[in-house]
Amino acid sequence: MKVLVVGGGGREHALCWKIAQSERVEEVLCAPGNAGTATVARNIALAADNVEALVACAKREGVGLVVIGPEDPLVAGLADKLRAAGIPTFGPGAKGASLEASKVVSKDLMERHRIPTAASRIFDRSGQAKGYLEGCSTWPQVIKAEGLAAGKGVYVCHTLEEARQAVDAVMEERRHGDSGARILIEEFLLGEEASVFALIDGSTILILESVQDHKQVGDGDTGPNTGGMGVVSPLRSLSTRLHRQIEQRILIPTVHAMRQEGIEYRGVLFVGLMMTEGGPRVIEYNVRFGDPECQALMRRMKSDIVPILLACAQGELESIDPPEWDARPCVGVVAAAGGYPGSYRKGDAIKGLAKAGEVPEVVVFHAGTKAVGDQVVTAGGRVLCVTAMGPDLDTARASAYQAYDLIHWEDKFARRDIGLRSPGGTQTPASAGDRG
Ligand code: AMP
Ligand code: GLY
């Protein structure tokens, strides 16, 4: 079978790498891919949101499964079009993707179906929003652009002045473009953050292993939010009670809600949660794998992923065995271009990739890279994700940084604290602002 992976980041390199290991797969195609996917797949020069051309390509190539990585093509209805053409597709249709594309849509669904989340108000005029904030007696308040904002559209505001500035930045200056035409002002939730990844085929839920991103650019969770600077899996395991609560109070009601709303969801649902004193509450839904969370999940999954993705795409998850996981931890360090998440340079030659790949238990996934002649050059803010497995977290961490240090380009940087243990000997707990 041929499998087409849509997207061109680290998540898609990891998916291609894993899918290419399947005995059922004769060829992996990746559109548009990057210099890393080209080593395990055939890159197709089509943008991930070029819906019509991708459908035509999948038909022409006789693809047996399409796996859609990023949110944009999902929001654009690529999965709907592929399914209409009879091609099994992993990823929700446009209606399901609106749970990520619009925080108003997802909040509305949660409120109507009594799925625990933060109370919120919606505003489409900045004056009204500021008037409401002036009357707020409890702080912080959380201000969110309604639409997609690459994980950067959320402002936790501790004072009225901060909140006013956030409203202006989002609604007047349109820092996130039209995504900020409407905002939500949300109750601040206190607790530890967690995220859950579950495969959903419309009715069956298959929860994947625990995994944690590091959202902020600086060590110790400082500085602005990014798409994700590093990953650890597994985490300290949640208690059985919390695990059950997440399933019973969040995941099952979400699947019921989607069915009642006529959303046929076939793909991965990534739920951001706050573990409050009153139990887990939803911060946000994403309708895709996290990046770099996916890289760690792919490293740790022992089973062939293709039958699992295919069963999910065909509504047959119930009929397959859940995946087996490598019990050993995985640490992934994102190597970024200087300036990221602000402006950064592209086109710098990357050296040392082969040497880094020789470090035992290391796989370097490419994100923003491009092949130019026989050189690999930087082509994005997050350039690579250096992953390592190990018998324990410290060993995995040491291998990941050993490989990272063998890679060079001008202005390369990474967080140095991915996988660091806190003094108590446990994984550093997720803190507010840790992911998005
Ligand atoms: P989001 O993009 O919605 O996941 O939000 C990004 C980050 O903002 C989250 O990971 C949280 O750290 C924080 N956040 C979002 N909503 C809330 C909330 N209601 N209360 C506290 N923190 C929040
Ligand atoms: N790493 C967070 C995300 O993909 O949204």
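For the reader, a short list of remarks on this structure follows.
- Region 227-274 and region 82-101 have their alpha-carbon centroids 19 Å apart.
- Since only V362, L269, P391 are under comparison, the one whose Cα sits farthest along the positive direction of the charge dipole of the chain, derived from C-beta charges on Lys, Arg, Asp and Glu, is L269.
- Gaussian network model of the chain, springs between alpha carbon atoms under 10 Å - residue of G342, G315, G135 with greatest fluctuation: G135
- Area accessible to solvent at L199, 1.4 Å probe radius, in Å²: 10 Å²
- Per residue, the chain exposes an accessible area of 40 Å² to a 1.4 Å probe, with every protein chain left in place.
- The chain, accessible surface, carbon-and-sulfur percent (1.4 angstrom probe): 48 percent
- Helical mean residue ellipticity (222 nm; -39500 (n - 2.57) per DSSP H run of 4+; nearest 500) of the chain: -7500 deg cm²/dmol
- Restricting region 36-141 to trypsin sites (Lys or Arg not before Pro) that sit in a DSSP loop and have at most 10 other Cβ atoms within 10 Å of their own Cβ leaves R114.
- Each Lys and Arg contributes +1 and each Asp and Glu -1, all at the Cβ; summed about the Cα centre of region 114-223, the dipole is approximately 420 debye.
- A Gaussian network model of the chain, with springs between Cα atoms under 10 Å, assigns the largest mean-square fluctuation among E27, E146, E261 to E261.
- Springs between Cα atoms under 10 Å define the GNM used for the chain, and in it the highest mean-square fluctuation of L190, L273, L65 occurs at L190.
- Descending principal axes extents, region 1-42, alpha-carbon based, whole Å: 24, 14, 14
- Farthest toward positive dipole pole in region 1-103 [+1 Lys/Arg, -1 Asp/Glu at C-beta], among A48, G64, G36: G64
- Largest accessible area first, the residues H256, H176 order themselves as H256, H176 under a 1.4 Å probe with ligands, DNA and RNA left out.
- Selection from G191, G180, A163 lying farthest towards where the dipole of region 157-199 points positive, charges on Cβ: G180
- E192 long-range amide H proximity, modeled H, under 5 Å: M275
- When the listed pairs K59/K152; K215/K351; K2/K81; K130/K152 are checked against a 28 Å cut-off, the alpha-carbon distance exceeds it for K59/K152.
- Based on Cα contacts under 8 Å between residues 6+ apart, region 252-348 shows a relative contact order of 20 percent.
- Net charge dipole size for the chain [Lys, Arg +1 and Asp, Glu -1 on Cβ; Debye, nearest 20]: 200 debye
- Residue order by solvent-accessible surface for H13, H408 is H408, H13, largest first, with ligands and nucleic acids left out and a 1.4 Å probe.
- Check: region 335-393 dipole with +1 on Lys, Arg Cβ and -1 on Asp, Glu Cβ, in debye: 340 debye
- Stokes-Einstein diffusion coefficient of the chain, Kirkwood radius over Cα pairs, 37 °C, 0.692 mPa s, in µm²/s: 149 µm²/s
The values are calculated or read from the model by the stated rules, or taken from the named source; none is laboratory data. What you see is a predicted model, and the numbers here were worked out from it, not measured in a lab. Every residue, glycine as well, gets a Cβ built from its backbone with ideal geometry; the counts of neighbours run over all protein chains shown. All accessible areas refer to the heavy atoms of the entire protein, side chains included, with ligands and DNA or RNA removed. Shrake-Rupley method; radii C 1.70, N 1.55, O 1.52, S 1.80 Å.
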